[in-house]
Structure formats: structure tokens, C-alpha cells
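To start, the structure under review is shown below, and the notes come after it.
The values are calculated or read from the model by the stated rules, or taken from the named source; none is laboratory data. Note that the coordinates shown come from a computational prediction; the quantities given were computed from them, not determined experimentally. Ideal geometry is used to build each Cβ from the backbone, glycine not excepted, and the neighbour counts take in all protein chains shown. Areas reflect the complete protein model, heavy atoms only, side chains present, ligands, DNA and RNA absent. Shrake-Rupley method; radii C 1.70, N 1.55, O 1.52, S 1.80 Å.
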Amino acid sequence: MTIEQLIKIALQTRESAVAPFSQFKVGAVLVAKTDRLYHGCNIETSSFGLTICAERVAIFKAVSEGEREFKSIFIASDADRFTPPCGACRQVLWELAGNIEVFMIDRSGNYQKSTMQELLPFGFDKSYLI
Ligand code: THU
């Protein structure tokens with residue numbers, strides 16, 4: 001699948017977001033090494049702290065389906081600039097997906113490409129557990 005196709009899917013996935021409080025819709029598409037796609041959107045509840053970001057929905061869905069190796073994630077928001085994953089999502093993506101490519105997409109479909117290593121330098125992971 002091309003970058004352009006994956007950008008379109010991420011923008012479409014954003015439409016599933018449940019964001020009545022922030023009105024800020026985010027869609028994520030995680031690409032596994034098998035080329036399977038896992039979609040996620042942000043989901044907010046009236047107990048605000050229980051909100052979950054699009055990126056974590058996508059990775060938790062993938063891992064729960066048995067997927068373990070990933071290539072990239074495409075993250076699309078409503079903003080007119082590129083939305084980077086929050087700190088919590090960086091930690092979870094780093095631990096569960098490793099140094100994947102990260103495509104941050106604005107509402108018009110423009111994108112900026114980065115990597116998890118760039119977004120989370122010196123990240124904590126299981127190698128530090130003794
Ligand atoms: N959000 C995401 O889903 N992903 C991000 O990368 C940034 C923030 C969501 C969480 C919340 O529902 C809304 O955007 C505003 O923070």
C-alpha cells in the first residue's frame with residue numbers, strides 16, 4: 001500500500017473518533033510487518049482521565065490479535081499542523097512496536113515523517129529491568 005493510500009485511511013479512521021469533550025479527532029493506522037493494518041481512533045469518556053488516544057487503541061488491538069512486529073504508524077488529526085504522539089503513546093509504541101516509522105498527518109493530508117527513536121530518545125524499556 002502506498003503512503004498516499006495509508007494517509008487517506010488514517011484521515012478516514014479519524015472519523016470514528018469519540019471526542020465530545022475535546023472535539024479533537026485523531027485517527028491512527030498501524031502497519032504490521034505482515035502488511036495487515038490496525039486502525040485506532042481516540043475515545044473519550046465523561047471520566048476524562050479514562051480517555052485513550054488513537055495510537056494506543058491501534059497498538060493494543062494489534063497486539064491482542066497476536067501481531068508482534070510493525071513497520072510504521074500513520075497518525076491523522078483535525079489540526080492544520082502535524083500532531084505528534086503524546087508521551088504515553090510514545091512509551092507504549094516504543095515498547096511494543098520498537099523503532100517504527102511515524103507519519104504525522106495534518107487535516108489536509110500533508111505529512112511529516114519521523115521515527116520512534118527520534119521521538120523518544122533514550123527511552124525506557126524492558127532492557128533496563130534487572
Ligand atoms: N489524542 C490522540 O488520540 N492522539 C494524540 O497523538 C494526541 C491526543 C487525543 C486524546 C484526546 O481525546 C484528544 O486527542 C485531545 O487531547
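Listing for the model above:
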item: Heavy-atom accessible area ranking, 1.4 Å probe, most first, across 38, 128; result: 128, 38
item: If the convex hull is drawn through the Cα atoms of region 1-52, its volume per residue in Å³; result: 72 Å³
item: Residue 113 accessible area, 1.4 Å probe, all protein chains in place, Å² to nearest 10; result: 110 Å²
item: Under 17 Å from the Cα of residue 71 - aspartates and glutamates, other chains or at least 8 residues apart; result: 4, 35, 55, 95, 101, 118
item: Relative contact order (%) - region 1-115, alpha-carbon pairs under 8 angstrom, separation at least six; result: 23 percent
item: Counting all C-alpha pairs of the chain, share separated by more than 23 Å (%); result: 27 percent
item: Dipole in debye (nearest 20) - region 3-128, about Cα centre, beta carbon charges: Lys, Arg +1; Asp, Glu -1; result: 60 debye
item: Karplus-derived HN-Hα couplings along region 77-94 (A = 6.51, B = -1.76, C = 1.60, θ = phi - 60°), whole Hz, x at Gly and Pro; result: 10, 7, 6, 8, 9, 6, 9, x, x, 5, x, 4, 5, 4, 4, 5, 5, 4
item: Structure-based [θ]222 nm, the chain - -39500 (n - 2.57) summed over DSSP H runs of at least 4, per residue, nearest 500; result: -8000 deg cm²/dmol
item: Residue 78 - accessible surface, heavy atoms, 1.4 Å probe, Å² rounded to 10; result: 50 Å²
item: Å² per residue, accessible surface of the chain at 1.4 Å; result: 56 Å²
item: Under 19 Å from the Cα of residue 25 - lysines, other chains or at least 8 residues apart; result: 8, 61
